[in-house]
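Notes to accompany the following structure.
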Amino acid sequence: AEDGSDAAVADHIEGIVASADEATIAVPGGSTPKTVFAELAQRNIDWTHVTLMPGDDRMVPRDHPASNLSPLEAAFGQHGAHIRALEEGMSVPEFDLNWLGMGNDGHVASLFPQMEIFERPGPAVIRTIPDPLPPEAPHPRLSLNMEALTQAACETILVLRGAEKRRVLDAALEQGCDLPVARFLRRARGPVTVYWSAQ
């Protein structure tokens, strides 16, 4: 795994943005990316040609504390980035970068080890309901499905923090592991770079 500091992750994302005429980036939710958002927002980056889209979101209003859109809009909206909300069944763009996080249970986006899933064929935005529902965010979700997360040639960065997530990742690399992150790593057709930090 690469050095998972905010600066190192931000360097990778800045490089993608700088090298593309138009860039579309899928962005994770949760707490881990927020410090990277802050690092990116203070850099002199032209965001006007960049579309940022959550890889998953809770089915709540945009201004709800559990929304993954709110932190994106707060960090990048005033810098001219295009923030695109998820809608069930919407067509999925080709990403220049798929930035993923992972939960301690091995979930990626809102694809959980145990869930009710409303699947659609091909790359799609689907509705999922984690089972059990996490008490801190007891909401149904919208998520890129596995086909959308593993689009051909799309580059992925998987950004992890803490010893527990490192153990889950190591387990996911073993044969026979069926966690969502393991299924993703087996199916990804583009390059995957793992960024890990202890904190």
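Kindly evaluate residue 161 against the criterion of being touching a helix residue (DSSP H, G or I) at 6+ places or on another chain (Cβ under 7 Å), among the basic types (Lys, Arg), surrounded by fewer than 19 Cβ atoms within 10 Å (Cβ to Cβ) and over 18 Å from residue 16 (Cβ atoms).
Yes: the conditions hold for residue 161.
For the stretch 111-163, taking the residues that are closer than 14 Å to residue 187 by Cα and polar (S, T, N, Q), the one that is nearest to the chain's Cα centre (by Cα) is identified as 156. Evaluate the following for residue 129: is it over 18 Å from residue 37 (Cβ atoms) and open to solvent by less than 70 Å² (accessible area, probe 1.4 Å)? Spelling it out, residue 129 is indeed over 18 Å from residue 37 (Cβ atoms) and open to solvent by less than 70 Å² (accessible area, probe 1.4 Å). Close contacts from the stretch 10-28, counting a first residue that is under 23 Å from residue 142 (Cβ atoms) and a second that is assigned to a loop (DSSP other than H, G, I, E, B), with Cβ to Cβ under 6 Å and a gap of 6+ residues or different chains, come to 23/96; 24/93; 24/95; 24/96; 26/55; 26/95; 28/55; 28/101. Among residues of the stretch 176-190 that are basic (Lys, Arg), those with a beta-carbon under 6 Å from a residue that is open to solvent by 50 Å² or more (accessible area, probe 1.4 Å) and modelled with pLDDT under 95 at least six positions away or on a different chain give the pairs 189/152. Taking the stretch 1-81 and the strands (runs of 3 or more DSSP E) fully enclosed by it, the elements with 3 or more residues that are under 21 Å from residue 151 (Cα atoms) are at 23-27, 50-54.
Total residues in the stretch 104-123 satisfying the condition of being closer than 24 Å to residue 159 by Cβ and touching a helix residue (DSSP H, G or I) at 6+ places or on another chain (Cβ under 8 Å): the figure is 10.
Which residues, counting only those in the stretch 82-102, are in contact (Cβ under 8 Å) with a residue 60 or more places away in the chain and either open to solvent by less than 70 Å² (accessible area, probe 1.4 Å) or part of a helix (DSSP H, G or I) (or both)? I'd like the intermediate steps shown before the answer.
Restricting attention to the stretch 82-102, the residues satisfying the condition of being in contact (Cβ under 8 Å) with a residue 60 or more places away in the chain are 93-102.
Of everything in the stretch 82-102, those that are in contact (Cβ under 8 Å) with a residue 60 or more places away in the chain and either open to solvent by less than 70 Å² (accessible area, probe 1.4 Å) or part of a helix (DSSP H, G or I) (or both) turn out to be 93, 95, 96, 97, 98, 99, 100, 101, 102.
The values are calculated or read from the model by the stated rules, or taken from the named source; none is laboratory data. The structure presented is a predicted model; accordingly, all values stated were derived computationally and were not measured. Note: ideal-geometry Cβ built from the backbone for every residue, glycine included; neighbour counts use all protein chains shown. To get the accessible areas, we keep the full protein, side chains included, count just its heavy atoms, and leave off ligands, DNA and RNA. Shrake-Rupley method; radii C 1.70, N 1.55, O 1.52, S 1.80 Å.
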